[in-house]
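The values are calculated or read from the model by the stated rules, or taken from the named source; none is laboratory data. Since the structure is predicted, the reported quantities are computational estimates derived from the model, not experimental observations. Don't worry about glycine lacking a Cβ; one is built from the backbone with ideal geometry, like all the others, and counts go over all protein chains shown. Ligands, DNA and RNA are excluded from the accessible area calculation, which covers all protein heavy atoms including side chains. Shrake-Rupley method; radii C 1.70, N 1.55, O 1.52, S 1.80 Å.
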Amino acid sequence: FRSLSLAGDRPDGSLQRQATVLLARRLLLVALLEQGDLPGAEQQAAAYERLARRLGIPRYGWLPEIWRGMRALLDGDPDGALEHAAAAEAIGLRAHSLNAQLMAFTTRMQAHLDRGTAAEYAEDVKTLMAGAGPDLPAMYYAAPARFLLAAGDAGQARAVLRHLLAGRAWDRPRDAEWLECHWAMADIAISLDDRAAAALLADEL
């Protein structure tokens with residue numbers, strides 16, 4: 001809450017100040033989710049959306065649709081999540097936001113997993129993976145590899161675990177994606193009955 005307080009301390013009503021408030025609410029929402037405070041996160045999402053609507057700038061307008069998609073997934077409504085992903089992507093295209101496209105993609109992956117229709121989206125996932133740069137850390141492939149494993153293709157999943165067991169530090173940077181990627185790798189290790197990888201991941205997690 002300190003970041004939100006600091007963001008609101010600026011006396012002017014400039015776009016820069018309002019954008020700072022939006023960023024503070026976004027970070028606070030993530031922190032509340034990580035603490036398991038879903039009602040608190042929803043309050044921040046609603047406050048973010050009210051300000052974003054007043055600004056009317058597509059750059060800030062797509063994220064609430066991703067949060068709705070997340071909530072739909074939590075509520076067991078993957079079809080609803082796909083609708084929100086499409087809405088977020090449409091707004092993001094107007095903003096020329098690559099991040100919006102990636103977040104819509106992530107939402108679609110989990111929605112198809114929940115629907116049991118991973119095979120329908122597998123080619124899209126392979127296309128995205130093929131277009132990733134050569135310097136992308138190996139752990140970033142964990143979530144799409146987990147998806148492809150559910151679609152019947154274990155190749156990428158096995159490759160991710162090989163990189164994990166090789167122990168190269170640059171394959172697993174300590175960044176904002178660390179926890180999610182390691183959870184995905186743990187799920188892969190369990191699915192493939194890779195005990196060495198599972199033991200390593202259990203210790204690290």
Notebook entry, point to check: Is it true that some residue in the stretch 104-114 is open to solvent by 70 Å² or more (accessible area, probe 1.4 Å), farther than 26 Å from P58 by Cβ and either assigned to a helix (DSSP H, G or I) or at pLDDT 95 or above (or both)?
Noted result: yes
Check: Name the residues in the stretch 144-158 that are open to solvent by less than 40 Å² (accessible area, probe 1.4 Å) and in a loop (DSSP other than H, G, I, E, B), would you?
Finding: A151, A154
Next item on the list: Can you tell me which residue among E49, E89, E65, E34 is at pLDDT below 95, within 24 Å of T20 (Cα to Cα) and acidic (D, E)?
Entry: E34
Next item on the list: State whether one or more residues within the stretch 77-94 are surrounded by fewer than 15 Cβ atoms within 10 Å (Cβ to Cβ) and not in a helix (DSSP H, G or I).
Entry: no
Margin query: Just the residues that are of a type outside the set (G, A, S), open to solvent by less than 80 Å² (accessible area, probe 1.4 Å) and without any contact (Cβ under 8 Å) to a residue 24 or more places away in the chain, please, taken from the stretch 178-205.
Written below: E204
Notebook entry, point to check: Can D175 be described as assigned to a loop (DSSP other than H, G, I, E, B) and free of Cβ contacts under 8 Å to residues at least 24 places away in the same chain?
Noted result: yes
Next item on the list: Scan the stretch 115-141 residue by residue and report those that are assigned to a helix (DSSP H, G or I) and of a type in the set (A, V, I, L, M, F, W, C).
Entry: A118, A119, A122, V125, L128, M129, A130, A138, M139
Note to self: I'm checking my understanding of the structure. Among residues of the stretch 52-66 that are of a type in the set (A, V, I, L, M, F, W, C) and in contact with a Phe, Trp or Tyr (Cβ under 8 Å, 6 or more places away or on another chain), which one is surrounded by the fewest Cβ atoms within 10 Å (Cβ to Cβ)?
What the structure shows: A52
Margin query: From the list R50, R59, R71, exactly one residue is among the basic types (K, R), over 18 Å from the mean Cα position of the chain (by Cα) and over 22 Å from T127 (Cβ atoms). Which is it?
Written below: R50
Check: When you go through L98, L23 one by one, which is the residue that is open to solvent by 60 Å² or more (accessible area, probe 1.4 Å), closer than 19 Å to V125 by Cβ and modelled with pLDDT under 95?
Finding: L98
